[in-house]
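Heads up: the structure comes next, in structure tokens.
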Amino acid sequence: MRHLITMDRMNFLSLLLLCMTSVTHGNKANKHKPWIETEYQGIVMENDNTVLLNPPLFAVDKDAPLHYAGEICGFKVHSGGSGAGAAKFEAVVLDRSTGEGLVRSKEPLDCESQREHSFTIQAYDCGEGPDGANSKKSHKATVHVRVNDVNEFSPVFVERRYEASVPEGRLFDRIVRVEALDADCSPQYSQICFYDIITPDVPFAIDNDGNIKNTEPLDSKHQQVYTFWVTAFDCGKNRAQADAQVIVTVKPTCKPGWIGWSKRVEYIPGSGSIPLFPSLHLETCEETVWNIQATVELQTGHIGKGCDRDSYSDRSVRRLCGAVRGEVDLLPPPSPAANWTAALPTLPSSDSSLIFSFNGTAHVAVVPDSVAATVSGDHFTLQLWMRRGGANARAPTNPARGSHREEETIICSTVRNDDSFCHYSLSVHGCRLSLFYWPDVATARPVKFLWKLEQVCDSEWHHLSLSVQFPSVTLYVDGVTFDPALIHDNGAIPNPAPHQRLVIGACWEERPKDVVNNTVPEGRDTAGRFVGGYRGLLSGVTVRPGSVEPHSVVECLYACREGLDFGDLETLGSGMKVHVNPSQSTLVLEGDDIESFNRAVQQVTYRNSLRFATPGVRPLKLSTSLRCFNEENCLSLKQLEGYLVVLKPDAPQITLSGVGPHLARPAPEFEGPHGIPLFPELRITCSLSHAINTAAQDMEGGALMSDAVAHTLDGCEVQPLGEELNPEREELMVDVEALREKGLDIINTTAYIAITGAESISVYENVLRSIRYRLTKGSARFERRFRLSCSEMNGRYTSNELTLEVNFLHSLDSLYHPSHLLASEQQFLHPSHHSGELSGHALPNAHHSSVVPGAATIIIMVCVGFLVVMVILGVFRIRSIHRRVDGVRGGEKEGGGQWDDSALTIIVNPMESFESQLGVTTDIEEEEEDYEDGAESPGDISDDQQIIIRKEGRDSASCRY
């Protein structure tokens, strides 16, 4: 029995040992790797982290159902192609026995930043025991995860405001297009499904693409501007964060042309440059043009010689421009010394230069031989102002064909050149200018220099400067150089007569019989006629022998101080061209872009550099030419006309000061060899009474108000008041040579002294301070008055008139000289020539004690006379008292107290103007009247006469001197 129990126990242990051995042997048999799909497609939402895979994630191991070896312990995520999968995703095991797994994101995913993710996944089993030893891994499967979008963003408009303009009266398919964007990543939520106009009752509609159109024709008169709001919705029905504003401007019916044209433009002198068309722009009404050309014309031909220039004479302008001196004026103002222009008709000019008119027949100026001899030689410069046809002439309609009349000669000269005679003539024919030059009329052949110029026949003023250095000839027309065409004329041209003659306005043709062997017999009067008469106007015709004028001087002589200009060439758009003619009266703009062209037009300016511009109206024209791709329907714009008004500038204040109203000196000083300076302390100032644009005048600082400024005077005049100067007794002395060195001219007559020429104020001050007044011995009077005045801009602005009274101081001894007594009598008989006022006299220290002022002598005589009168009145009063006492007493003789006044001289000067200065009171005058009846009176005394009464023992009569 016991043996059986023991056997049962042994069998059980053997079985248990066998089972344990079997189990241990099975775990060590982990022969297979887990298996998963090769590729998975996953989806994850932006607001979730669980990835839904297709197919689901399951790992299978063939070692199942063995414990550990047949179980799945986990999944491992590896980076994919993007390299970011392992960092953002993880995989977990849901069931080890079934191998089910789950892929999820470690952090929230953003579809907008990355919509697709790719990575690989690998499964591994539990190995051979709890420690996972000898675990096996599956192959790597690719996982593609797409992040599904969530509608988290709302639409946003590209612009907050949309503007458009449309012409009235039409329906448009699209006026303007609005656009909104959505930041969501999916098409479902990122697309804008529709737009909507949220402003009610507007005649506009919008489609799903954002195009806005009008639902009815618009009328600018009814409403010119429409403002409304639109919104947008995405396909997730999210509305835009902010609505957009739309502004539609209704334009009137489009008319092609210039818009913003101002017919009147005002210019204030001193403003520098001002834009002429600040708001002008061209409207083409959507017509496509490929070339635009605009021409701006400023007409200044009616002002002076073509434009606003320095208002000085041609001679003064030459000095201001630095021209070399020595020119000879061939058409000077008529005077006794230059009478060859006296018969020519003249026209008024804005400057002091005369304009001479020539009619082609009778109007000819023959320059004297003495003047013509000074301009001989083959090196000279001829300058002149010319206008063909006269004052009222108009340009010919077809100037190219010219005229059938003969050549018109401007100047024709034959002068002696050493031992021979040379000849030249300047002529015009149609639109051609020619210089006919004959170096030697006896041997050489002539040469003709020819120019074809539009300026010759346009009936406008032009400046010509012809520099001859034979065989070289240079022509400047309005400051621009023109090259000639040479013509060697070897035809049968008769030689000019070898006789010196210079003619303006024609050429002298002598009869052949008067010329023998190219010489004119002496003593024979040559007969001939004037041919080739000039028809037009001439001014400033000068010839200067010697070296020619530099180009800079020629440009300065012609330069206009006003004209058209362009503001800033650096801002000129691409493809734009600007051209301004030399006189700056025409400006041409050319371009192909309408916007650039409009900006360029607005920079066209008018400038006037004169401080005192010539006021008046300047006509203004704008002509436009368009070239379109469709030439048949290209726009045609009419010419615009307006005018520029230059306002009148404030006159400058020229002030003469520093000279008192009286100048008193002893008479002998005036009789010296150098006389007495009349204005030794003269001061001349000029001030402005209005503000000017200092930037335009190249000055620093702000506006100038009534401050002294640098000016140029062009004339001063000293004139004696009353009678003219008597050349035998008095004269005004001026250093003529010093004036000529300064380039000034002088006219010295008995009626006035006129000094002319453009110069600075300081020069005129020095010249006027040097003017002296001299008398011949014994011719001094009591006074002489002079008046001084100055001007600038050829008398356009004048100074105040400075009056100076010159008093001659005489000695007492000289007063008794018969000549002085006669002069005194003339002064008293003509009191209107003497003011009787002593205030303001400049009395110098007397050189001798005997020198007494003439006026002071009269005062002393009056004082002495009144003193004597007072003494006499006192004596008469004493006598009357004695008479009354004697009458009461009756004891004395009647003649015992008689006053013996036989040797008494009474000098009375009852001039009322001196009574107040002498302090004579009314009581004394009344006292005189009370005793006039008792005293012996010489009778009534006239205020205009001096009476000397001498009593010699009887009633004496009054004597007048």
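The values are calculated or read from the model by the stated rules, or taken from the named source; none is laboratory data. None of the values given here were measured: they were computed from a predicted structure. Reconstructed Cβ throughout: ideal geometry from the backbone, glycine too, with neighbour counts over all protein chains shown.
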Subject >> Positions within the range 195-223 being among the charged types (D, E, K, R) and closer than 16 Å to LEU171 by Cβ, in sequence order >> reply: ASP207, LYS213, GLU216, ASP219
Subject >> Condition check for THR586: under 29 Å from GLY260 (Cα atoms), buried (at least 17 other Cβ atoms within 10 Å of the Cβ) and modelled with pLDDT of 80 or more >> reply: yes
Subject >> Out of VAL230, VAL176, VAL250, VAL202, sole residue that is among the β-branched types (Val, Ile, Thr) and within 28 Å of ASP149 (Cα to Cα) >> reply: VAL230
Original post:
Pick from the range 145-172 the residues that are of a type in the set (Gly, Ala, Ser) and either free of Cβ contacts under 8 Å to residues at least 60 places away in the same chain or not in a loop (DSSP other than H, G, I, E, B) (or both): which of them is farthest from PRO217 (Cα to Cα)?
Top reply: ALA164
**OP:** Kindly establish whether PHE204 is of a type in the set (Phe, Trp, Tyr) and under 57 Å from the mean Cα position of the chain (by Cα).
**Re:** yes
**OP:** Sort out which residues of the range 446-474 are in contact (Cβ under 8 Å) with a residue 60 or more places away in the chain, part of a loop (DSSP other than H, G, I, E, B) and under 34 Å from the mean Cα position of the chain (by Cα), and write them in order of number.
**Re:** CYS457, ASP458, SER459, GLU460, TRP461
Original post:
Considering only strands (runs of 3 or more DSSP E) fully contained in the range 241-301, which possess at least 2 residues that are within 21 Å of the chain's Cα centre (by Cα) and among the aromatic types (Phe, Trp, Tyr)?
Top reply: none
**OP:** Please specify each residue of the range 362-402 satisfying the condition of being at pLDDT below 85, within 30 Å of PRO439 (Cα to Cα) and of a type in the set (Ser, Thr, Tyr).
**Re:** SER370, THR374, SER376
Subject >> The one condition in (1) outside any loop (DSSP other than H, G, I, E, B); (2) modelled with pLDDT of 90 or more; (3) of a type in the set (Ser, Thr, Tyr) that THR199 fails to fulfil >> reply: (1)
Original post:
Quick check: anything in the range 571-581 of a type in the set (D, E, K, R) and either within 11 Å of GLN293 (Cα to Cα) or surrounded by 21 or more Cβ atoms within 10 Å (Cβ to Cβ) (or both)?
Top reply: yes
Original post:
Any idea which residue in the range 597-625 is nearest to the chain's Cα centre (by Cα), counting only those that are surrounded by 15 or more Cβ atoms within 10 Å (Cβ to Cβ) and without any contact (Cβ under 8 Å) to a residue 60 or more places away in the chain?
Top reply: ALA600
Original post:
Of all residues in the range 722-768 being more than 18 Å from PHE670 (Cβ to Cβ), outside any helix (DSSP H, G or I) and among the hydrophobic types (A, V, I, L, M, F, W, C), which is modelled with the lowest pLDDT?
Top reply: ALA758
**OP:** Would you mind stating whether ASN54 is closer than 29 Å to HIS117 by Cα and modelled with pLDDT of 85 or more?
**Re:** yes
**OP:** Enumerate the pairs (first residue in the range 274-286 and under 9 Å from THR605 (Cβ atoms); second residue anywhere and hydroxyl-bearing (Ser, Thr, Tyr) and surrounded by fewer than 17 Cβ atoms within 10 Å (Cβ to Cβ)) with beta-carbon separation below 9 Å, excluding pairs fewer than 6 apart on the same chain, so at least 6 apart or on different chains.
**Re:** LEU276/SER262
Subject >> SER623 in contact with a Ser or Thr (Cβ under 7 Å, 6 or more places away or on another chain) and either over 30 Å from GLU717 (Cα atoms) or not assigned by TED's automatic domain parsing to the domain that holds PHE808 (or both) >> reply: yes
**OP:** Report yes if some residue within the range 728-743 is on the phi > 0 side of the Ramachandran plot and either in the same structural domain as HIS662 (by TED's automatic domain parsing) or surrounded by 14 or more Cβ atoms within 10 Å (Cβ to Cβ) (or both); otherwise report no.
**Re:** yes
**OP:** For the range 519-558, enumerate the residues that are among the aliphatic types (A, V, I, L, M) and at pLDDT 70 or above.
**Re:** VAL531, LEU537, LEU538, VAL541, VAL543, VAL553, VAL554
**OP:** Inspect the range 101-120 for any residue being farther than 30 Å from PRO187 by Cα and either in contact with a Pro (Cβ under 8 Å, 6 or more places away or on another chain) or small (Gly, Ala, Ser) (or both) and give the result as yes or no.
**Re:** yes
Original post:
In this structure, does PRO439 turn out to be of a type outside the set (Val, Ile, Thr), in the same structural domain as THR341 (by TED's automatic domain parsing), modelled with pLDDT of 85 or more and more than 27 Å from ASN581 (Cβ to Cβ)?
Top reply: no
Original post:
So which residues in the range 403-415 are modelled with pLDDT of 75 or more and either surrounded by fewer than 20 Cβ atoms within 10 Å (Cβ to Cβ) or of a type in the set (Lys, Arg) (or both)?
Top reply: GLU406, GLU407
**OP:** Any residue in the range 569-596 that's touching a residue at least 60 places away in the same chain (Cβ under 8 Å) and more than 18 Å from GLU297 (Cα to Cα): show its pairings with residues that are among the hydrophobic types (A, V, I, L, M, F, W, C) and surrounded by fewer than 16 Cβ atoms within 10 Å (Cβ to Cβ) at Cβ separation under 8 Å, as long as the two are six or more apart or on different chains.
**Re:** ASP592/TRP290
Original post:
Just checking, how many residues over the range 626-648 are farther than 26 Å from SER273 by Cβ and surrounded by 13 or more Cβ atoms within 10 Å (Cβ to Cβ)?
Top reply: 6
